[in-house]
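See structure below.
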Amino acid sequence: MRDVAPPSTRQRVLPRNDPRQYDDLAGEWWRPDGVFAMLHWIAEARASLVPPADRPDALLVDLGCGAGLLAPHLAGKGYRHVGVDLTRSALAQAAAHGVTAVNGDVAAVPLADGCADVVSAGEVLEHVPDWRAAVAEACRLLRPGGLLVVDTLNDTALSRLVAVHIGERLPTVPRGIHDPRLFVDDRELVAECARHGVELRVRGARPELRGLVGWLLRRARGVVATGARAPRIVPTRSTAVLYQGWGVRKG
Ligand SMILES: C[S@@+](CC[C@H](N)C(=O)[O-])C[C@H]1O[C@@H](n2cnc3c(N)ncnc32)[C@H](O)[C@@H]1O
């Protein structure tokens, strides 16, 4: 157990979804009690959708990789992990966790067609002004038979309530990080992926409630056990807030 340090942030007041927020929050990425804690939980759930590589030199492209939180959950699966992100301060941390860092926009990725066995787009589509362009890029990067794995926030009133109006008042989500106008309708995402040859299946996801409440209480008391089990992200029938999608690119 350890005391919760005061947040190591010096956040400017910036417009919603301004990427410079990630520079101001750079010290938060890998703190188990930091404002990005929930991203770690979601990354674990995302990685569980990725099977072990089925060939040597398999490549996983992680769009909007941030500080590389997916990396520990891919350990032993046999992928080269390439991360693409706009934010250099996050990419430097991703590189320190074994990710090959590429500075770029997920809507125009500087990588070759069909290079990836797996493309992951975790918690990024809802931050991109043109999410359709990012989906087109994700599908372009996939080799035939390659796997697309995504998670994002749905474009619903409930999602705006839970993720923005409530979530951003909790210590697990940075204030102002979301622009709800960019949230992604799940049916539109499925249709867009289909247009690019990927039949996406979707399911809802949410933090397991007991784990979340326990974590929030420990956090409020100022003690988050570094070795304690993080709250799990579990499947849920409703896709109305957070949802995951996965699908294979047709050959
Ligand atoms: C909420 S974080 C998610 C990070 C990571 N996927 C995770 O789950 O830990 C969103 C990330 O997307 C990046 N991002 C936002 N818009 C982007 C864009 N157009 N191109 C590349 N990266 C972008 C941000 O810099 C940030 O690192």
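The values are calculated or read from the model by the stated rules, or taken from the named source; none is laboratory data. Small disclaimer: the values here were computed from a predicted structure and weren't measured. In this analysis, Cβ positions are derived from the backbone assuming ideal geometry, glycine residues included, and neighbour counts consider all displayed protein chains. Accessible surface areas use protein heavy atoms only, side chains included; no ligands, DNA or RNA. Shrake-Rupley method; radii C 1.70, N 1.55, O 1.52, S 1.80 Å.
In segment 83-119, of all residues being acidic (Asp, Glu) and more than 11 Å from the ligand (Cβ to nearest atom), the one that is nearest to GLY27 (Cα to Cα) corresponds to ASP117.
Of the candidates LEU49, LEU60, the single residue that is open to solvent by 30 Å² or more (accessible area, probe 1.4 Å), closer than 20 Å to GLY247 by Cβ and among the aliphatic types (A, V, I, L, M) is LEU49. Of the strands (runs of 3 or more DSSP E) lying entirely inside segment 138-251, those containing at least 1 residues that are touching a residue at least 40 places away in the same chain (Cβ under 8 Å), closer than 18 Å to ALA43 by Cβ and among the hydroxyl-bearing types (Ser, Thr, Tyr) span 142-153, 242-248. Just so you know, in segment 68-89 the residues that are in contact (Cβ under 8 Å) with a residue 60 or more places away in the chain and hydroxyl-bearing (Ser, Thr, Tyr) include one that is nearest to VAL128 (Cα to Cα), and it is THR87.
Among the candidates GLY176, GLY145, the residue that is more than 11 Å from the ligand (Cβ to nearest atom), surrounded by fewer than 20 Cβ atoms within 10 Å (Cβ to Cβ) and at pLDDT below 95 is uniquely GLY176. Could you please let me know if VAL164 is over 30 Å from ARG218 (Cβ atoms), within 15 Å of the ligand (Cβ to nearest atom) and under 17 Å from the mean Cα position of the chain (by Cα)? Against the criterion (over 30 Å from ARG218 (Cβ atoms), within 15 Å of the ligand (Cβ to nearest atom) and under 17 Å from the mean Cα position of the chain (by Cα)), VAL164 does not qualify. Could you grab me the full set of residues in segment 60-82 that are within 11 Å of the ligand (Cβ to nearest atom), in a loop (DSSP other than H, G, I, E, B) and of a type in the set (A, V, I, L, M)? Answer for segment 60-82, where residues must be within 11 Å of the ligand (Cβ to nearest atom), in a loop (DSSP other than H, G, I, E, B) and of a type in the set (A, V, I, L, M): ALA67, LEU69, LEU70. Taking each residue of segment 44-67 that is under 11 Å from VAL149 (Cα atoms) and looking for partners that are open to solvent by 10 Å² or more (accessible area, probe 1.4 Å) and in a helix (DSSP H, G or I) with beta-carbon atoms closer than 7 Å, six or more apart or interchain, yields ALA47/HIS73; ALA47/LEU74; VAL50/LEU74; LEU60/LEU74.
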